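This report concerns only the one structure given below.
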């Protein structure tokens with residue numbers, strides 16, 4: 001029987017007024033079955049839905065986003081028992097920036113996402129191209145990717161098991177990769193300085209790496225993105241030939257216990273400063289404090305500034 005079946009009219013009123021969702025609707029939106037949702041709540045405390053007077057669960061939009069974040073981490077191989085600590089730490093790092101955004105902005109971002117989603121569902125590339133240009137005329141680059149486009153890309157990614165979602169995700173992924181590569185190439189042609197960006201093997205998808213390169217690039221310096229899959233042991237060879245100002249490693253995975261040792265060894269092998277960016281950087285910051293490796297975090301509005309500060313000698317490691 002549905003967790004919401006037979007709930008009193010009061011529940012329907014609350015649902016309508018406060019935009020709360022019954023468990024069956026959350027299961028439909030996220031692809032996570034009700035049994036798993038209850039387990040994440042009872043066993044791990046990862047989500048905390050409200051209850052009607054009769055005890056039926058009601059989930060807010062924030063709860064749904066939390067479910068999608070949990071899915072994203074478990075898709076990366078993280079045990080559910082460890083997700084809570086990761087979300088708490090990464091969430092705290094983003095809270096200050098989110099608090100500064102007016103409520104009207106977040107509502108507008110959701111509207112843009114809804115329009116992009118409709119274009120993706122229809123496989124409407126001209127419409128998607130038009131929306132892409134319009135959203136760039138309304139917001140800075142960091143907002144466009146981190147607050148509008150990439151959350152939708154991630155949502156489609158974690159729902160690939162649902163019929164039709166894989167094709168929609170591939171359509172959006174291919175579109176965005178093409179546009180981001182074009183922007184990176186234009187910036188490299190104009191820049192005087194260069195930083196290399198590489199992924200830790202298996203720690204992100206290509207679009208996440210490309211977007212990080214775009215967010216790190218600035219007017220006076222560009223980022224050259226090395227293709228995913230480059231063996232770490234060859235990074236020293238690449239740096240010897242290209243002589244970059246710095247090498248940035250990117251990771252969207254929780255750090256392993258031996259990451260500080262591996263990075264310290266790599267820092268000795270390359271002929272330039274070594275930095276870490278992405279969600280993995282936020283989670284590894286404490287363990288890397290005092291080492292030669294600087295952490296840039298994962299927030300687009302800060303990563304570029306921290307990189308510039310580091311290259312100028314004003315950011316501690």
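None of the figures in this text is laboratory data; all of them are computed from the coordinates on show. What you are looking at is a predicted structure, and each value in this text was computed from that prediction instead of being measured.
Out of all DSSP beta bridges in the stretch 183-317, what portion is antiparallel? Express it as a percent rounded to 5.
5 percent
Considering Cα pairs under 8 angstrom that are at least six residues apart, work out the relative contact order of the stretch 202-262 and quote it in whole percent.
After rounding, I find 44 percent.
How many angstrom separate the Cα center of the stretch 134-156 from the Cα center of the stretch 277-292?
Cα centroid of the stretch 134-156 versus Cα centroid of the stretch 277-292: 26 Å apart.
Considering every pair of different Cα atoms, what Kirkwood radius, in Å, is found for the stretch 192-311?
So the Kirkwood estimate lands at 13.9 Å.
Can you divide the C-alpha Rg of the stretch 122-218 by 2.2 N^0.38 Å and report the result to two decimal places?
My calculation over the Cα atoms of the stretch 122-218 gives 1.14.
Normalised by the residues of the stretch 192-311, what does the relative contact order come to in percent, with Cα pairs under 8 Å and at least six apart?
Averaging sequence separation for qualifying contacts and normalising by length gives 27 percent for the stretch 192-311.
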